[in-house]
Every structure is written in C-alpha cells, then in structure tokens.
1. If I filter the range 210-220 for residues that are closer than 21 Å to Leu331 by Cα, of a type outside the set (A, V, I, L, M, F, W, C) and modelled with pLDDT of 90 or more, do I get at least one hit?
2. List the number of the failed condition for Ala155; all other conditions in (1) over 21 Å from Lys368 (Cα atoms); (2) touching a residue at least 60 places away in the same chain (Cβ under 8 Å); (3) among the small types (Gly, Ala, Ser) hold.
3. How many residues does the range 357-372 contain that are in contact with a strand residue (DSSP E or B) (Cβ under 7 Å, 6 or more places away or on another chain) and among the charged types (D, E, K, R)?
4. Residues in the range 315-373 that are among the aromatic types (Phe, Trp, Tyr), farther than 21 Å from Leu265 by Cβ and in a helix (DSSP H, G or I): how many?
5. Being in a helix (DSSP H, G or I), at pLDDT 95 or above and among the β-branched types (Val, Ile, Thr): is that true of Ile121 here?
6. Among Leu244, Leu204, Leu156, which is in contact with a Cys (Cβ under 9 Å, 6 or more places away or on another chain) and surrounded by fewer than 21 Cβ atoms within 10 Å (Cβ to Cβ)?
7. How about the range 127-137: which of its residues are in contact (Cβ under 8 Å) with a residue 12 or more places away in the chain, in a helix (DSSP H, G or I) and not aliphatic (A, V, I, L, M)?
Amino acid sequence: MVKSKLLHQILCHRRKAGGDQFDSSDADSVNSVSTGFSELTLANDTEYVSSQECELEKYIDALYEKRGSTREMALSMLVNAFEGNVLLAFVENKFITLLSQYINSIKRGSTKEACLASRAIGLLAITIGAGSSAHEIMEESVSRLSQALISGSDALKKSSVLDCLALVTFIGANDLFETELSLKTMWQVIYPKSGPNVGPVKKLPPTVLAAAISAWSFLFTTVSSWKINPDNWKEAISFLSTLLEDNDRSVRIAAGEAISIFFELGILDQNEQVDTDSINHEDLKHGVLAYMQSMKAKILFKANELSVEAGGKGTDKKNLNDQRDLFQKILDYVQTGECPEISLKISNKHGFLRASTWTQIIQLNFLKRFLGRGFLKHAQDNELLHDIFDFALDNSESLSSKEKKISRSEGDKGRTRKMNEDRKLAQERKRGHFIPREE
C-alpha cells in the first residue's frame, strides 16, 4: 500500500510539472523506487528470519535450565514455532541437540513437560521428513518412549507418548521389524492383557483410549508395504471388534477406523497381500481362515447396527452422525470395493490434498489431529505430507467462466448421484436387506 501511494505521488508530480508527459526519466524513477522496495523487503525478510532464529536459540538454551517451569515455557514456545512453520533449514544441523534435550525432559520432567517434549519430538520428525535423520530420531527415542509408556501411569502422558512413538516410527522405520516393535509396545497400552503385566490394570479413559487406537492405527497403515501373516493379527481384530460395543462413541469410531484397514489389507478377506504361506501347517491355516471369516461376519453385523443407530436424548449428534457415516462407508466398501475419497482444499494457490484409500484417510485424520492449527501450514509447505497424499494443484483459476460452470455442473451431478446411492443403501439397511457377500 505504501509502495503504491509513493508511485502514485511520483506520477502525479511528473504530470503537473510536464503536462502529463512521461519520459524515460519517469521510468527510471519508478524503477529505482521498485528496486528500493525490493531491497527493503529482502532486508526485512532476512531480519525476520534472523530474529526468529535468535528467539529459537534462546528457547533451546532454556531447555538446559534446572527450573522445570522454565523448560516447560521453552518447550511450549518451540512447539508453537514448529506447528506454525516448516523449520527444515533451522533443524538440519540442530536436530540431535533438540532431540537430546526433549528426551531429557521426558525422563526428568513433570507430566506437562513430558507431554510437551513428546509433542516436540513428533514435530521434529515431521519437519525432518523421511530419511536417515528421521531413522536416527527413531532409534534414539523409541527406547525412552517405550519405557515411559510401560512405567508411567498418567493417562494424558501416555496419550502424548503414543502419538510421538507412532510418528517417529511411521517416518523413520526402515523395515517391518522396527514397525512391529513399536506396534507391540503401543498395543500393550491399549490392551494390557497382551503384555507381561498380569496384575490389575487401570482402564484408560475413553478419550485417551480412542486417541491411543488412532495412533496405533496410523502406524499400522504402514504394514501394507510388506506381506502380512494374518495369524499375527487375530488378537487385535478380536479386541477391536469388542470395542464396537463400547459405551463411548469415540471409542467405537476409533475401533471402526482401525478395522477398516484390516478390510483394505485383505486380512479379513485373504487377498494376495496376505501371506498365508507363512502358516506352515494346513490345519492351522484352515483354522485362521475360518476364524477371519467368522470375525468378518460378526463385525459386519455390528457395523450394520451402528450405521443406522438412532439418537437419544442428550446424545452428541455430531459423533452420532460421524459414527453412522463411518460404518456405512465400511459396509459400502465391503460390498463394492470402492473406498470413500477426501479432497481437502489447502488454498487457491496450493491446491488440494487427496486421500483415496482407507490408509490415507486414517493418516490424514491422525495428522490433522496431531498438527491442529499447524496442519494447514504443513499441508502447504511440508514435502512429507505431499509425499504421503495425492497432491494436486488447483487449476480452476485458469478456466474460463463457461468451463467453471460446466465443471461445477458435473460436480453437482456427481454429488447428487452419490447422495441418491447412499440414501438407497441406507434405506435397504434399515429394512434389514444388507447381507454380507459370501466368499
């Protein structure tokens, strides 16, 4: 705005002095002003970056302080900075220092400090992205995070640590063995009977249990890269199916999302991704296949109920609608093989992130929850998210008015057709016409 006013004043002055004549000297004046402002903008940007780095360095120094409240403040400010910006250049040579101090805060700090430090490690991994540095973050932090989960009893701390463990393994793991170790640790928190602790275990609050299942599901999506032995996942499928009966709707939704991955991976249908050859005894193989078929029937029966569940007085209507929508989509997927799609507009300039599989949808939901207010910025500028999801530029700005109208019309027709199909399927389920296909 200042630049425009200054240019306008120069032009007006020239016109008054020379009868609206505009010669090469005017152009030189305008160019000199433009160049001056470009240099000033560059100087301001450089000054801002230097100032921001200076502030971040102060917060890193504060992590060495003995006073816990000082470390908490520093962690909070670092978390805010890493949420709102993709600070890759800043952390490339500092991530080991940061990681070391974050781990120390988990070991010696209060619950609040440990939660902040766990979140900070997760944000560090997201910023670094896949590669050798991410693997180093995972190797250095997994042992401490696992110990914090096993030894601690605070539910809020467990939830933060689970998110962190899921993220560092998701980004940094190189093979199925590393992934399965973290999955096993996380599962022992979700389902304590699967672990070595045989004594009484305090049940996780519903919100924490739902978040824990979400984190486990997020990491579980990565097993699709390898052949899967279905016998290894019998316990998980069985327990998750019981959670569809849970009193808390958020837990039912989280369990349903996890189960959708089992359908997509073919573990409940035995597609080519499933490694039944690793089950070396024929009777055992037959028993696993029969078990999966029985679990599939049980899950689909319950999913049918949850997709048309009626609301009651005091019911959280948003969660009710989310539940109905999720389980209807699962039923549709089993019947048709078509996965729901999400197209998330990032901005006119940056285009869309698209999720077109259950795996991507689970990953998108988790990252949106974890990044919170910082999701939009990372979706725009973080190459890791562009690699995970289908990233498409928005080309609507280059379309003519007529082309935009045609595009909107086609989109409206497609949405109407899909709504009619969904309505028809819902009506059939309410009349009890949904019958799982026989394999």
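The values are calculated or read from the model by the stated rules, or taken from the named source; none is laboratory data. Values in this document were obtained by computation on a predicted structure and should not be read as measured data. Virtual Cβ from ideal backbone geometry, glycine too; neighbours counted across all protein chains shown.
1. yes
2. So the condition that Ala155 fails would be (2).
3. The total comes to 0.
4. 1
5. It is true that Ile121 is in a helix (DSSP H, G or I), at pLDDT 95 or above and among the β-branched types (Val, Ile, Thr).
6. Just a single option satisfies the conditions, and that option is Leu156.
7. Thr127, Ser133, His135, Glu136, listed by residue number.
Residue-by-condition table, conditions (1) polar (S, T, N, Q); (2) farther than 17 Å from Val334 by Cα; (3) modelled with pLDDT of 90 or more:
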| site | (1), (2), (3) |
| --- | --- |
| Ala258 | no, no, yes |
| Glu264 | no, no, yes |
| Ile267 | no, no, no |
| Asn271 | yes, no, no |
| Thr276 | yes, yes, no |
| Asp283 | no, yes, no |
| His286 | no, yes, no |
| Tyr291 | no, yes, no |
